[in-house]
1. When a/c reaches 1.5 or more, the comparison of a/b and b/c decides; with that in mind, is the stretch 229-271 rounded, prolate or oblate per its Cα gyration tensor?
2. May I ask you to sort 342, 307 by Cβ crowding, counting other Cβ atoms within 10 Å and putting the fewest first?
3. Rounded, prolate or oblate: pick one for the stretch 304-343, where a ≥ b ≥ c are the square roots of the eigenvalues of its C-alpha gyration tensor, a/c under 1.5 means rounded, and failing that, prolate if a/b is larger than b/c, else oblate.
4. Using 0.36 nm per residue of separation minus the Cα-Cα distance, give me the extension gain between residue 76 and residue 95 in nm, one decimal.
5. How big is the stretch 212-342 in terms of Cα radius of gyration and Dmax, in angstroms?
6. What is the distance, in nm, between label points placed 7 Å from the Cα along the Cα-to-Cβ direction at residue 118 and at residue 44?
7. With 10 angstrom as the radius, rank 168, 158, 76, 235 by how many other C-beta atoms surround their C-beta, starting from the fewest.
8. So for 339, 71, 153, fewest C-beta neighbours within 10 Å to most, what's the order?
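Read-outs throughout are calculated quantities, based only on the coordinates presented, and are distinct from any laboratory measurement. In this text the structure is predicted, and so the values were computed from the model without any measurement. Note that we place each Cβ from the backbone using ideal geometry, even for glycine, and neighbour counts take in every protein chain shown.
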């Protein structure tokens with residue numbers, strides 16, 4: 001009996017020593033999903049980098065950006081997870097509405113489903129309910145200040161409406177309304193959404209919107225380009241004289257071409273273009289698109305080799321031209337050439 005007791009004591013002592021000597025086993029840290037930031041109207045890479053506690057060069061490197069001074073609304077940027085997070089106190093509260101999904105809320109606030117789920121402690125990101133209060137990244141740092149105006153006009157979106165039609169009703173532009181409401185994607189609005197119309201004393205017009213060129217009358221000197229979205233026709237002018245005309249294909253209803261007056265900012269003989277969404281089934285990648293002339297953010301006039309339906313809206317917002325027409329325009333129009341879009 002004593003021998004057994006001694007063996008039991010020795011075994012207990014040995015186990016105790018093993019517990020002391022063996023280092024504790026730590027669970028491997030959970031893999032962190034990369035943060036994907038959806039660029040909003042008015043944002044720059046500097047503002048995005050400051051928000052996430054990183055640098056512009058780090059974001060440019062992670063996303064292969066050739067020009068860190070150029071980002072566009074709706075662009076998805078991967079933010080490398082280097083132990084940072086959006087700055088403390090930079091959240092606001094969003095109340096879930098009927099029909100919302102977490103993916104929609106994330107896209108609306110320029111963040112990801114995984115980040116919102118983590119921020120709100122959601123076990124199942126596929127389950128949210130009407131009236132739920134969700135923490136979301138604050139947009140106060142990047143929201144453009146409202147233009148000085150009289151009584152604010154608020155339009156409540158109705159079924160079947162698109163932003164281009166709303167802009168035309170109030171004599172405004174897609175770009176102006178998107179900027180005033182900080183819309184990440186001007187092609188996405190929803191029934192019941194309240195949109196501030198950035199126009200002093202704006203009231204719905206009974207007729208059609210006057211074209212932007214009405215405030216920029218004929219008699220202009222130099223070269224300029226007029227694109228009529230109603231007729232899907234482009235005209236190149238020198239002063240008041242038309243020197244070239246071509247049929248075009250601009251944005252479809254889901255991806256409208258913004259109206260307004262712009263200037264050609266960059267020109268590329270060839271450029272790769274990508275856009276759309278895997279989730280919506282309209283993602284595309286087009287290498288070596290010819291004669292690209294960017295006039296605003298990711299919007300460009302360019303040659304087209306994938307369709308020949310010119311004269312009909314076909315694009316994701318850009319202006320499609322026959323390659324021969326695009327080549328003529330590319331060689332004719334220098335950087336800085338004015339481009340006017342209107343209905």
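1. oblate
2. So the residues, fewest neighbours to most, are 307, 342.
3. On the way: a/c = 2.50, a/b = 1.30, b/c = 1.91.
Because a/c hits 1.5 or more and a/b fails to exceed b/c, the stretch 304-343 counts as oblate.
4. On the way: separation 19, 0.36 × 19 = 6.84 nm, distance 2.44 nm.
Separation in residues times 0.36 nm, less the Cα-Cα distance, equals 4.4 nm.
5. Cα-based Rg and Dmax for the stretch 212-342 come out at 14.1, 48 Å.
6. Between residue 118 and residue 44, the label points sit 2.8 nm apart.
7. Neighbour counts put them in this order, fewest first: 158, 76, 235, 168.
8. Details: 339 21, 71 24, 153 18.
Arranged by neighbour count, lowest to highest, 339, 71, 153 become 153, 339, 71.
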